[in-house]
Amino acid sequence: MDCQKRIQYIREPRCRKCGKQLREDAEIFCLDCINKKHIFECGYALYDYQSIRKSIYRFKYSGRCEYAEFYAEDIFRHLGEEIKHMQAQAIVPIPLHSAKKRARGYNQAELIAKELSRLTRIPMAADLVLRVRNTLPQKELTPQLRQNNLKRAFNINADVVKLNKIILIDDIFTTGSTLDAVAVELQRHGVKTVYAITLCIGEGM
C-alpha cells in the first residue's frame with residue numbers, strides 16, 4: 001500500500017482498556033475509559049485513525065476488499081503475542097445489518113476477521129452475532145444517542161455456552177458502544193471474556 005509510510009501505529013503507552021494512545025507512561029487509562037465503564041475486557045487498536053482514514057474509506061466504500069489481507073497481516077505482525085495470550089476460542093466480526101451488507105456487498109470487519117483467523121488458526125464465527133436492527137451510523141450521533149441507537153440491535157444466533165473467550169473484530173473504535181452492545185449479548189449467553197481488536201482509533205474519540 002502506497003500510504004504505508006504515513007501510517008501511525010498505536011504504541012506504548014496505550015490505554016489498558018480501549019487501546020488508545022496515551023501521552024504519559026504513568027497513565028493507565030485514557031480519560032474516556034476513566035469516565036465510561038466498558039463491557040469488553042480490553043481492546044487493542046493498530047493505527048491512529050487520522051493516519052489511515054483514507055485507506056479505511058476506500059476499504060469500506062470503494063470495494064477495495066484486497067486491503068483486508070494487508071490489514072490482517074499487520075494486526076498479526078504487531079499484536080500477535082497479545083492475541084496468543086488471549087487464548088480465544090473464536091474470532092467474531094461485528095456484523096452489518098443484512099440490508100447494509102447487501103448494499104455494500106461485503107462486511108469489512110468480516111473480511112479482516114477471516115484473514116486473521118487464517119493467520120492465527122482461531123476459528124471465525126461470522127454468524128454467531130446477528131444485527132437485527134438497521135441502526136443509524138454511530139459517527140452521526142452523540143454519545144447518549146449512540147447507546148440508545150444500539151439497544152436490541154444484536155442477537156446471538158447460536159449456543160455459545162462452550163465459548164469462554166471471544167475476540168471481536170471491527171474497523172474503527174469511536175466510543176466503544178458497538179463493542180459493548182455485542183459484549184453484553186455474548187456475556188448474557190455465557191461467554192466469560194470478550195476482547196476487542198480494531199484497525200484504528202482516534203485521539204479523544
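Here, each number is a calculation from the coordinates, and none is a lab measurement. These numbers were taken from a predicted model, which means no experiment stands behind them. Because the Cβ atoms are built from the backbone with ideal geometry, glycine has one as well, and the counts that use them run over all protein chains shown.
Taking the Cα centre of the chain as origin, work out the dipole magnitude from +1 charges on Lys and Arg Cβ and -1 charges on Asp and Glu Cβ, in debye rounded to 20. Walk me through the numbers before you get to the answer.
Values: 34 positive and 24 negative charges, 127 e Å.
Using only the charged Cβ atoms, the result is roughly 600 debye.
What lysines could a cross-link reach from Lys36, if we take a straight Cα to Cα line under 24 Å and drop same-chain neighbours fewer than 8 places away?
Candidates past the 8-residue exclusion: Lys17, Lys20, Lys139, Lys151, Lys165, Lys192.
Pull out a ≥ b ≥ c, the square roots of the eigenvalues of the alpha-carbon gyration tensor of region 4-114, then state rounded if a/c is under 1.5, prolate if not and a/b is larger than b/c, and oblate in the remaining case.
Values: a/c = 1.71, a/b = 1.51, b/c = 1.13.
Judged from the Cα gyration tensor, region 4-114 comes out prolate (a/c at least 1.5, a/b above b/c).
Specify the residue with the greatest mean-square fluctuation among Asn164, Asn155, Asn35, computed from a Gaussian network of the chain linking alpha-carbon atoms under 10 Å apart.
Asn35
Using 0.36 nm times the number of residues separating Lys162 and Glu203, minus their current alpha carbon distance, what extension gain do you get? Kindly include the intermediate steps, with their values, before the conclusion.
Details: separation 41, 0.36 × 41 = 14.76 nm, distance 3.65 nm.
Result: 11.1 nm gained on full extension.
Calculate the spin-label point distance for Glu69 paired with Gln8, positioning each point 7 Å from the Cα along the beta-carbon direction, and give it in nanometres.
3.0 nm
Multiplying the sequence separation of His78 and Lys54 by 0.36 nm and subtracting their Cα-Cα distance, what value in nm do you get? Show your work: numbers first, answer last.
Details: separation 24, 0.36 × 24 = 8.64 nm, distance 2.11 nm.
That pair, His78 and Lys54, stretches by 6.5 nm at full extension.
Counting only residues 5 or more places away or on other chains, whose amide H sits under 5 Å from the amide H of Tyr44 once H atoms are built in the peptide plane?
For Tyr44, the qualifying residues are Ala196, Ile197, Thr198.
Output the Kirkwood hydrodynamic radius of the chain, Cα pairs only, in Å rounded to one decimal.
Details: mean 1/r = 0.0586 Å⁻¹.
It is 17.1 Å.
Check Met124: other-chain or 5+ apart residues with amide H under 5 Å from its amide H, H built from backbone geometry?
Ile91
Could you work out which residue, out of Lys100, Lys36, Lys20, moves most in a Gaussian network model of the chain, that is, has the largest mean-square fluctuation with Cα springs under 10 Å?
Its mean-square fluctuation being the largest, the pick is Lys36.
Between rounded, prolate and oblate, where does region 59-106 land on the alpha carbon gyration tensor, with a ≥ b ≥ c its root eigenvalues, rounded for a/c under 1.5, else prolate if a/b exceeds b/c? Intermediate values should be presented prior to the final figure.
Values: a/c = 4.67, a/b = 1.67, b/c = 2.80.
Here region 59-106 falls in the oblate category.
From the phi of every residue in region 26-42, what ³J(HN,Hα) in whole Hz does the Karplus formula 6.51 cos²θ - 1.76 cosθ + 1.60 yield, where θ is phi - 60° and glycine or proline is x?
So the Karplus estimates, Gly and Pro as x, are 6, 6, 10, 10, 6, 4, 4, 6, 5, 8, 9, 8, 8, 7, 5, 5, 6 Hz.
Across region 184-196, in residue order, what do the Karplus-derived ³J(HN,Hα) couplings come to in whole Hz, using 6.51 cos²θ - 1.76 cosθ + 1.60 with θ = phi - 60° and x for Gly and Pro?
So the Karplus estimates, Gly and Pro as x, are 4, 5, 5, 5, 4, 9, x, 6, 7, 9, 10, 9, 9 Hz.
How far apart, in nm, are two points set 7 Å out from the Cα along the Cα-to-Cβ line at Arg133 and at His97?
About 1.0 nm separates the two model spin labels.
Is it possible to state the helix-based mean residue ellipticity at 222 nm for the chain, with each DSSP H run of 4+ residues giving -39500 (n - 2.57), the sum divided by total residues, to the nearest 500 deg cm²/dmol? What is it?
On the way: 7 runs with 77 residues, N = 205.
So the calculated ellipticity at 222 nm is -11500 deg cm²/dmol.
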